[in-house]
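Contents: one structure, followed by commentary.
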């Protein structure tokens, strides 16, 4: 639990404060004073009796008891100061903004660990080192600007990076985004993003706590904690958006399977965020735009009315929304529609986008919004585009829009792009507590991200027809490395994953007998080489005994071949399932189209085991190639319920077999409700 003295201190000392506000210690003290910290404020500066009007102490040893210490001194001086504060002054809260610790090398890392040890031993809480500090309702202990005016119903913002925190605030404030708190955790020596989120979950009050959380994360140290508390907050009614930087760090690692090549740590992050219900963003503007969407009323469906006085932005917004799966529905003909049209100038359109022309008035805008709110049942939300070419006043329009945003139950997303021509009017609109989306395409993309992000999933494990005891017997008896087909078959049978009939053959005479048992046509594949197709080790549509003999001899001559796998011939749409164990995260499960398409198209979605039915179904529906699975142009599709069930069974097997580090099922062949695993590889490491 984070010490209350860090968040709500009755006394603060700034060690290294200065009269020079161009230095971190000086600016930090100024921010505390300017933002009216009401507790006892002290300073340690051996060269001054007073700093910015605050009494200065010569050393830490001279201080009276103090609850929170903010250190802006060289790294090497921090440890003795922390020792004195923690052991002699009863200090529980520490913010070290100084750099020169683990980010600087091994010596700095050891110093950082020593400081954490002292803080831990004395029941304290440490933010940093190498951070800009924190802003709460009680104190603004940061050395940067801007320091936003806090709003209890603004957003809580947690950032790994101090500079990035500043840039994100600078992105959000001009759009009307308000902040309730800001935490910069720096090196996260003791307290990281996950710990702050845990604290917010623990102290959450439905009456007073903000419902919007923004995260900028550079390293996820504890995925389980992040998943637990993000999910918990979202279930309590919060909304969370996050950037995870470093998305390509392992994207090109060499691997011996399709899954190993694709399932890097970023896919684990993607799966974690989806499981938690976190909206993932990739840049500052996207993050603050999503945050502003959160600040509006929640849209209950996906049908949006675009209300505009300019055609181009409406077209671009329509494209962004429909490409993301949202709808711009036609407004059905009705007396209400005709009445509305009669209130607009000739040439206006009420077809959606609703275009009331460049000469449209505030009164007309109010009538359109009222119709969308009360009369048009096919509308779930409204996007209002209203800028200015600099010819006429728009203040009255923005007054109406502000009033409607407060009174309408359906969300209204204001797009006010004229941030120069009518900047005073936009400033008025924001001063009324509203948000603005100056770029319609960014809004469209943000809305689709929010719409497509699922709710937090449960932790239920699918056990129907899954023989856990048999799975464990097979795993315990298996050697390390890639498994022989018979081991894979036994695992699939114990899990209930349907597969084609297969037999491993080492002698030509046996091959003919097996072929007659399986029935023609059949498939023959080499056992041994990792990539069978690359070495010519797969033969399809073998139709007679002579072909069996000929192909068996040829296949056995391929270098590395130890036997031949003979299997019944299956047909259908080629699907792909894979899994990889990622340290700290657990198993990432991938699904997509199979065959060579998994390599060429890389159209895969990811989830973290254990999957729920909702998660697995969502993974299928979010594939770009989903229409193939549905069936199109008269071609039969695949039973999605059956495909989902197979994913669930795979997830359950992995839940009880963490020794499986990598696996592919490629392809699964599916037609209707008949889906069979045709080729599979499993690597076990104990």
Quick one: what pairs do we get from the range 55-73, first residue more than 15 Å from residue 16 (Cβ to Cβ), second assigned to a loop (DSSP other than H, G, I, E, B) and modelled with pLDDT of 95 or more, C-beta under 7 Å, 6+ apart or different chains?
65/89; 65/90; 67/9; 67/10; 67/91; 67/92
Go through the range 638-675 and give me each residue that's within 23 Å of residue 540 (Cβ to Cβ) and surrounded by fewer than 21 Cβ atoms within 10 Å (Cβ to Cβ).
671, 672, 674
Restricted to the range 209-235, and to residues that are under 13 Å from residue 156 (Cβ atoms) and part of a loop (DSSP other than H, G, I, E, B), which residue is farthest from the chain's Cα centre (by Cα)?
209
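Listed here are the residues, each with its yes/no results for (1) modelled with pLDDT of 95 or more; (2) closer than 18 Å to residue 8 by Cα; (3) buried (at least 16 other Cβ atoms within 10 Å of the Cβ).
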| site | (1), (2), (3) |
| --- | --- |
| 53 | yes, no, no |
| 56 | yes, no, yes |
| 59 | yes, no, no |
| 63 | yes, no, yes |
| 71 | yes, yes, yes |
| 80 | yes, no, no |
| 83 | yes, no, yes |
| 86 | yes, yes, yes |
| 90 | yes, yes, no |
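If you take the residues of the range 111-140 that are in a loop (DSSP other than H, G, I, E, B) and within 13 Å of residue 83 (Cα to Cα), which of them is nearest to the chain's Cα centre (by Cα)?
Taking the candidates together, the pick is 124.
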Condition set out of contact with any helix residue (DSSP H, G or I) (no Cβ under 8 Å at 6 or more places or on another chain) and outside any loop (DSSP other than H, G, I, E, B), scope the range 51-79, selection nearest to residue 106 (Cα to Cα): answer is 77
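When you look at residue 470, is it closer than 30 Å to residue 661 by Cβ, in a helix (DSSP H, G or I) and touching a helix residue (DSSP H, G or I) at 6+ places or on another chain (Cβ under 8 Å), yes or no?
Numbers: closer than 30 Å to residue 661 by Cβ: yes; in a helix (DSSP H, G or I): yes; touching a helix residue (DSSP H, G or I) at 6+ places or on another chain (Cβ under 8 Å): yes.
In short, yes.
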Answer from 287, 272 - the residue that is within 14 Å of residue 172 (Cα to Cα), outside the structural domain of residue 599 (by TED's automatic domain parsing), within 13 Å of the chain's Cα centre (by Cα) and in contact (Cβ under 8 Å) with a residue 12 or more places away in the chain:
287
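Just to check your reading of the model, which residue among 577, 540 is in the same structural domain as residue 592 (by TED's automatic domain parsing) and either in contact with a strand residue (DSSP E or B) (Cβ under 7 Å, 6 or more places away or on another chain) or assigned to a loop (DSSP other than H, G, I, E, B) (or both)? First the steps, then the outcome.
Details: 540 fails: in the same structural domain as residue 592 (by TED's automatic domain parsing).
From the options 577, 540, the qualifying one is 577.
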Subset of the range 257-281 (residues that are surrounded by fewer than 23 Cβ atoms within 10 Å (Cβ to Cβ), in contact with a strand residue (DSSP E or B) (Cβ under 8 Å, 6 or more places away or on another chain) and modelled with pLDDT under 95):
257, 260, 262, 265, 266, 270
Name the residue that is surrounded by the most Cβ atoms within 10 Å (Cβ to Cβ), counting only residues in the range 162-180 that are under 21 Å from the mean Cα position of the chain (by Cα) and not in a helix (DSSP H, G or I).
177
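Matching residues to (1) surrounded by fewer than 19 Cβ atoms within 10 Å (Cβ to Cβ); (2) in contact with a strand residue (DSSP E or B) (Cβ under 7 Å, 6 or more places away or on another chain):
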residue: 289; (1), (2): no, no
residue: 307; (1), (2): no, yes
residue: 312; (1), (2): yes, no
residue: 318; (1), (2): no, yes
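If you go through the range 320-349 one residue at a time, how many are within 37 Å of the chain's Cα centre (by Cα), part of a helix (DSSP H, G or I) and surrounded by 14 or more Cβ atoms within 10 Å (Cβ to Cβ)?
Within the range 320-349, the first condition is being within 37 Å of the chain's Cα centre (by Cα), and the residues that meet it are 320-331.
From the residues that got through so far, the ones that are part of a helix (DSSP H, G or I) too are 320-323.
Going one step further and asking which of them are surrounded by 14 or more Cβ atoms within 10 Å (Cβ to Cβ), we end up with 320-322.
Residues in the range 320-349 being within 37 Å of the chain's Cα centre (by Cα), part of a helix (DSSP H, G or I) and surrounded by 14 or more Cβ atoms within 10 Å (Cβ to Cβ): 3 in total.
Based on this model, can you work out whether residue 95 counts as under 31 Å from the mean Cα position of the chain (by Cα) and either crowded, with 24+ Cβ neighbours inside 10 Å or assigned to a loop (DSSP other than H, G, I, E, B) (or both)?
Working: under 31 Å from the mean Cα position of the chain (by Cα): yes; either crowded, with 24+ Cβ neighbours inside 10 Å or assigned to a loop (DSSP other than H, G, I, E, B) (or both): yes.
For residue 95, the condition - under 31 Å from the mean Cα position of the chain (by Cα) and either crowded, with 24+ Cβ neighbours inside 10 Å or assigned to a loop (DSSP other than H, G, I, E, B) (or both) - is met.
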Number of positions in the range 613-634 that are in contact with a helix residue (DSSP H, G or I) (Cβ under 8 Å, 6 or more places away or on another chain) and part of a loop (DSSP other than H, G, I, E, B)
3
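The values are calculated or read from the model by the stated rules, or taken from the named source; none is laboratory data. In this text the structure is predicted, and so the values were computed from the model without any measurement. Methodologically, a virtual Cβ is constructed for each residue, glycine included, from the backbone with ideal geometry; neighbour enumeration extends over all protein chains shown.
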